[in-house]
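S.K.: This is the structure, below, for whatever I ask next.
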Amino acid sequence: MTSAAQLLMREKFETCLSVIRQASLQILPLLTIKASEGKDPQWFFQQLEQARLALGSWMAVAKRLNLNDAEISHFTLLLRHLQQLVPQYESGQEVSHNQLIAALRFVSYLELVRAKQPLLGYSTEIENNDNSQQHKATRQMRALELMLKGLVDQSYASQSQLVHKLKKQFGADCVRRWLKNGERGDVLSGMRFSELALMVVDKKEYANHYAGLFQHSSHLSLLIDQRKTLQTFLNDVREIRNDLVQQQPLTSVQLTLLDSYYQESSDTIQRAFDEGRTKVNPAMLLAADDSQLQAWLMQAQKKYQATGRDTEEVRDAIERPELRNTKRKQDSGETLLMLMWCVAGVAVISAAIFGMYFLSDVTNKPAAAKNTPFKVTMIDSLPETESAREKLADIGITWDEGNLRSAIERGDTTVVRLFMQGGMNWKIYFTETALAGDYRDALNTLLQYRSQMDEDRPCRRMIRTMSQAMHDGQSLTSLRKQFLKTFCSAPDAIKRQKEELERALLRKAAGQKRQDGAKDQGIQAEVVSPDEARIQQAIYSAMRS
């Protein structure tokens, strides 16, 4: 029997699909694509690809929708993720929580697209929106924020120890600001939500204090990495919180997303509390009376008036103050160096030209040609780093890792190459979307700059991602094989994959044995899928080639 929760989840999901179909019929005509009927997310993504080919680039698509480079990249990334989770859907089939969240996240972004492009007027309402739901959202937001605060608090023996650690991590100036904006003796209460969330999802902090709370949970599985999933959810919550604190009514999509994020985050902590593994009790935090809720909201609004909208994304890691200062000095030094090179280049070129004319007047001997290399040498010796960064700036792209990732995901070879020439490091997981789309030129460019790949232990993640892609019907392309060969050819990695292959073969043999036994007894046999062993064998062969 289908549960009431599953029925409700299915209803919301099907409403999301209906919204996406309606939106596609208004978006595609703006991109020169004619469509008489909206279909599933996979069809919508294919139509967007056609629009990209027709218009010449993703930037041309973005311009039609009044989106910038980062926004069109995020838009296509969310749609790609949704169509991967839901390649096909028939009305009435069961829906997972991850599928619903992926659909909600894309519909939420459709709200942004509609706000950016006045020609769009589709509706994104997925359920009735009343004051009781707004009140529930405020209660969940408070509980979620206090839950994060409680997790950080219990990780340190005292407030003074926490303050000392924060000064090392963020710098004394940040800590003074937090103490000024927060409650007396509570440094965390002065943080913005993005800063508080960063204290939990930072790679080192998460590994040292919080990974144990989440690692055995089935929640936070939207992405491969639980920490990355939590980071993504909290960043979305940050945007919803901004609207809530500014007393803007939340849309039905925001309400449903917040409810899903709260469940995903709090259920695991609640279980840990019930088992005595943490002192943070989400149920108690949620059961706040109206006076407590109003006090929290007033404090949040006071902080908003003092610091403004929380526009800082929840980052992957805390950036130490000395590293920030080093980067600033490096950027200033590089700018000064570029100016010096330009001035010197102009001076030398002028001198060379003057010398050529002077020598040509004095004598007809070809000695003037000997001066020519000076001109060429000085132009060529202009630092490649500065030249590449200048070109990126000229086309409106800032020197930022997020912009590199966006360029890789949309297969923009020119931008990727400029980032590589400029010395930007990259990570294997940036390429997951590009590998799925088989963006050969952009990926081959990255392989040419393989020494700039600085992701720690990328092999296991890459194998998991490729295995899942192959399970979903994608092929092990030549580029995927090349990436495996390039980054997973270490003996330890090959040994691990060999062991994984052997386990897959054993599972296949055991399944076949059970199937044969069932046939002998005249019982309906479970079909044994050879896919897992085949996939692991293909990956193992690519790594060894």
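S.K.: At q = 0.13, 0.18, 0.22 Å⁻¹, what is the base-10 log of I(q)/I(0) for the range 4-116 according to the Debye formula with one equal point scatterer per Cα and no solvent? Please give it to two decimals.
M.R.: Log-scaled intensity ratios, in q order: -0.47, -0.86, -1.24.
S.K.: Quick one: check the C-alpha center-to-center distance for the range 15-94 versus the range 284-309, whole angstrom.
M.R.: About 38 Å separates the Cα centre of the range 15-94 from the one of the range 284-309.
S.K.: Among 183-192, 419-428, how do they line up by average Cβ neighbours within 10 Å per residue, starting with the highest?
M.R.: 419-428, 183-192
S.K.: Checking the cross-link filter: which aspartates and glutamates have an alpha carbon closer than 20 Å to that of K63, excluding same-chain neighbours under 8 positions apart?
M.R.: Within reach: E49, E71, E111, D394, E409, D412.
S.K.: Next question. Over all alpha-carbon pairs of the range 393-545, lay out the pair-distance distribution in 5 Å bins, whole %, shortest bin first.
M.R.: Pair shares across the bins are 2, 9, 17, 17, 15, 11, 9, 7, 5, 3, 3, 2, 1, 0, 0.
S.K.: Would you calculate the separation in nanometres between label points at Q247 and Q515, each defined as 7 Å from the Cα along the Cα-to-beta-carbon direction?
M.R.: The modelled label-to-label distance comes out at 6.6 nm.
S.K.: Quote the relative contact order of the range 131-307 in percent (integer), defining contacts as alpha-carbon pairs under 8 Å separated by 6+ residues.
M.R.: Dividing the mean separation by the residue count of the range 131-307 yields 30 percent.
S.K.: Quick one: order I269, I463 by neighbouring beta-carbon count within 10 Å, fewest to most.
M.R.: Starting with the residue having the fewest Cβ neighbours, the order is I463, I269.
S.K.: While we're looking at this one, here's another question. Considering amide H positions built from the backbone, and no H for Pro or chain starts, which residues 5 or more places from W426, or on another chain, come under 5 Å of its amide H?
M.R.: Result for W426 returns M453, D454.
S.K.: Still on this model: Could you let me know the centre-to-centre spacing of the range 178-220 and the range 123-141, using Cα atoms, in angstrom?
M.R.: 26
S.K.: On to the next question. Below 8 Å between Cα atoms, with a sequence gap of 6+, how large is the relative contact order for the range 25-148 in percent?
M.R.: 22
S.K.: Does anything in the range 257-271 have its amide N under 18 Å from the 7 Å Cα→Cβ label point of H135, and if so which residues?
M.R.: 259
S.K.: Right, next: Which ³J(HN,Hα) values in Hz, rounded to whole numbers, follow from the phi angles of the range 491-507 under the Karplus curve 6.51 cos²θ - 1.76 cosθ + 1.60, where θ = phi - 60° and Gly and Pro get x?
M.R.: So the Karplus estimates, Gly and Pro as x, are x, 5, 5, 5, 5, 4, 5, 4, 5, 5, 5, 4, 5, 5, 5, 5, 5 Hz.
S.K.: I've got another one for you. When K34, K481, K203 are ordered from fewest to most other Cβ atoms inside 10 Å of their Cβ, what list results?
M.R.: K34, K203, K481
S.K.: If I model a spin label at I224 and D454 as a point 7 Å from the Cα along the Cα→Cβ vector, what separation in nanometres do I get?
M.R.: Taking the two extended label points, one gets 2.1 nm.
S.K.: Return C459, C488, C174 ranked ascending by Cβ neighbour count within 10 Å, so the fewest neighbours appear first.
M.R.: If I rank by nearby Cβ atoms, fewest first, I get C174, C459, C488.
FYI, it's all coordinate maths here, none of it is from the lab. Keep in mind that what you see is a predicted model, and the values were worked out from it rather than measured. Don't worry about glycine lacking a Cβ; one is built from the backbone with ideal geometry, like all the others, and counts go over all protein chains shown.
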